[in-house]
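The values are calculated or read from the model by the stated rules, or taken from the named source; none is laboratory data. Computed from a predicted structure; not experimentally measured. No Cβ is skipped: glycine too gets one built from the backbone with ideal geometry, and neighbour counts run over all protein chains shown. What goes into the accessible areas is simple: the full protein's heavy atoms, side chains included, and nothing from ligands, DNA or RNA. Shrake-Rupley method; radii C 1.70, N 1.55, O 1.52, S 1.80 Å.
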Amino acid sequence: MNLRDLQYLVALAEHRHFGRAAEASFVSQPTLSTQIKKLEDELGVALVERTPRKVLLTETGREIARRAKGVLSEIDEIKAIAQRTRDPESGTLRLGIFPTLGPYLLPHLVPLVRSQFPRLELLLVEEKTEQIIRMLREGSLDVGILALPLHEDSLHEEFLFEEPFVLAVPDAHPLAQKQRGLKLADLEDQNLLLLEDGHCMRDQALEVCHMAGAGEKAGFRATSLETLRQMVAANVGMTLLPTLAIKPPVPRTDNVHLIEFAGHPPSRRIALVWRKSSSMSAFLKRFADVIRSLPADLLKPQVA
């Protein structure tokens with residue numbers, strides 16, 4: 001048994017198709033099929049059920065593939081330890097970030113990271129929070145930028161910043177007369193446009209609605225902040241937007257009036273998150289410091 005055979009089995013478990021698994025493994029389909037058969041012969045058990053249309057792993061095959069994935073993740077950690085020891089600022093950093101933050105933070109962050117760590121290759125993955133947490137656990141991501149709280153005992157959380165929300169309403173809405181004096185009580189009995197299930201910002205917005213006595217506008221759930229913004233512009237309703245989503249290079253949208261909250265505004269807390277067992281912890285704390293060095297004005301709505 002060798003690591004390459006385990007990689008082939010994991011690829012087959014993920015793709016459930018010999019051709020796609022071979023393509024992902026950069027080998028021919030006959031090569032992958034032959035190596036899987038050799039692995040079965042060596043172990044003395046069937047790992048794969050071969051059918052004309054698709055590939056199914058046996059129960060034993062699924063369990064071995066799951067454990068093989070863990071073994072390969074540990075091998076990656078060993079390689080990372082050696083790489084970081086040789087040169088902590090080079091190599092690859094696999095970073096996950098969620099969709100309501102990524103498009104707005106990364107234009108500011110990536111140039112800063114490149115200037116601080118010019119030899120670092122940054123691989124970015126944009127996924128919903130639940131998927132990023134799963135990928136962190138499995139070792140397919142090194143670090144994530146996520147909203148707190150997470151309640152994940154296996155992950156270290158390094159707080160980065162607090163990002164205020166603003167209210168977005170059509171220009172003709174009565175609340176558009178307010179500039180900086182908006183209170184949560186002003187949202188009582190209002191209905192807000194929200195994102196679909198699975199977005200952490202939906203949960204955050206629902207919490208604001210609960211505190212304010214507001215509700216969700218029925219019959220519509222958006223897939224992105226940009227959809228929410230355009231629905232406000234089309235006079236469909238109002239919504240909450242995070243501060244970074246209203247900052248340049250994001251252009252202003254016609255018929256969308258932005259209002260700051262008075263006092264301590266509703267907000268979300270953002271953290272850098274990685275496995276507690278990671279060999280990269282010392283470097284990732286330095287990476288967190290780079291994120292914290294972003295200009296403070298980025299987190300001030302200043303909508304007027």
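With each label modelled as a point 7 angstrom along the Cα→C-beta vector, the A185-Q302 pair spans 3.1 nm.
At 0.36 nm per residue, and after removing the present C-alpha to C-alpha distance, how many nm does the segment from A176 to E157 gain when stretched out fully? It would help to have the intermediate numbers written out before the result.
Details: separation 19, 0.36 × 19 = 6.84 nm, distance 3.77 nm.
Length gained between A176 and E157: 3.1 nm.
If you sort the three axes of the alpha carbon gyration tensor as a ≥ b ≥ c, you get a/c of 1.5 or more for segment 66-191 and a/b above b/c, which makes it prolate. Ordering Q35, P149, T60 by Cα displacement along the dipole of the chain toward the positive end leaves Q35 in first place; charges were set at the Cβ atoms of Lys, Arg (+1) and Asp, Glu (-1).
Gain in length, R20 to F220, computed as 0.36 nm per residue apart minus the alpha-carbon separation, to one decimal in nm?
Contour length minus Cα-Cα distance gives 68.3 nm.
DSSP beta bridges fully contained in the chain are about 60 percent antiparallel.
Here the dipole of the chain is about 560 debye; that uses its Cα centre as origin and unit charges on the Cβ of Lys and Arg (positive) and Asp and Glu (negative). Among F165, F283, F98, the largest mean-square fluctuation in a Gaussian network model of the chain (Cα springs under 10 Å) belongs to F283. Using a 1.4 Å probe over the heavy atoms of the protein chains, calculate the carbon and sulfur portion of the accessible area of the chain as a whole percent. The nonpolar share, carbon plus sulfur, comes to 52 percent.
Would you kindly state how much longer the chain becomes between I81 and T227 on full extension, computed as 0.36 nm times their sequence separation minus their alpha carbon distance, in nm to one decimal?
In short, 48.3 nm is gained.
Overall form of segment 160-304: prolate. Here a/c, set by the Cα gyration tensor axes a ≥ b ≥ c, is 1.5 or more, and a/b is the larger of a/b and b/c. Here the calculated FRET efficiency for D5 and A282, from their Cβ-Cβ distance with R0 = 30 Å, stands at 0.30, rounded to the nearest 0.05. Qualifying trypsin sites (Lys or Arg not before Pro) in segment 2-86, where qualification requires a DSSP coil assignment and no more than 11 other C-beta atoms within 10 Å, comprise R53, K54. Summarising the label geometry, the points placed 7 Å from Cα in the beta-carbon direction at V236 and S28 lie 5.2 nm from one another. Among T34, T129, T51, the largest mean-square fluctuation in a Gaussian network model of the chain (Cα springs under 10 Å) belongs to T51. Once you reduce segment 67-144 and segment 180-226 to the center of their Cα atoms, the two points are 31 Å from each other. Counted without the sites themselves, the longest stretch of the chain free of GluC sites (Glu not before Pro) in a DSSP loop having at most 14 other beta carbon atoms within 10 Å is 197-304.
For helix 59-86, report the angle its Cα long axis makes with the longest principal axis of the Cα atoms of the chain; keep it between 0 and 90° and round to the nearest 10°. With both axes taken from Cα atoms, the answer is about 70 degrees. Quick one: Debye curve from the alpha-carbon atoms of the chain only, equal weights, vacuum; give me log10 I(q)/I(0) at q = 0.09, 0.14 Å⁻¹ to two decimals. One equal scatterer on each Cα of the chain leads to -0.59, -1.04.
Cβ-Cβ distance of V290 and S140, R₀ of 25 Å, FRET efficiency by 1/(1 + (r/R0)^6): the value works out to about 0.60.
In Å², what does the accessible area per residue of the chain work out to with a 1.4 Å probe?
On the way: 15450 Å² over 304 residues.
Per-residue value: 51 Å².
For T92 and T58, the FRET efficiency from 1/(1 + (r/R0)^6), where r spans their Cβ atoms and R0 equals 30 Å, is about 0.30. Dividing the mean sequence gap of close Cα pairs (under 8 Å, 6+ apart) by how many residues segment 1-149 holds gives a relative contact order of 20 percent. Taking every lysine pair in the chain that is 8 or more places apart or spans two chains, those with Cα atoms closer than 18 Å amount to 7.
Our coupling estimate for segment 143-151, obtained by passing each phi through the Karplus curve with A = 6.51, B = -1.76, C = 1.60 and θ = phi - 60°, is 7, x, 10, 9, 8, 8, x, 10, 6 Hz, Gly and Pro reported as x.
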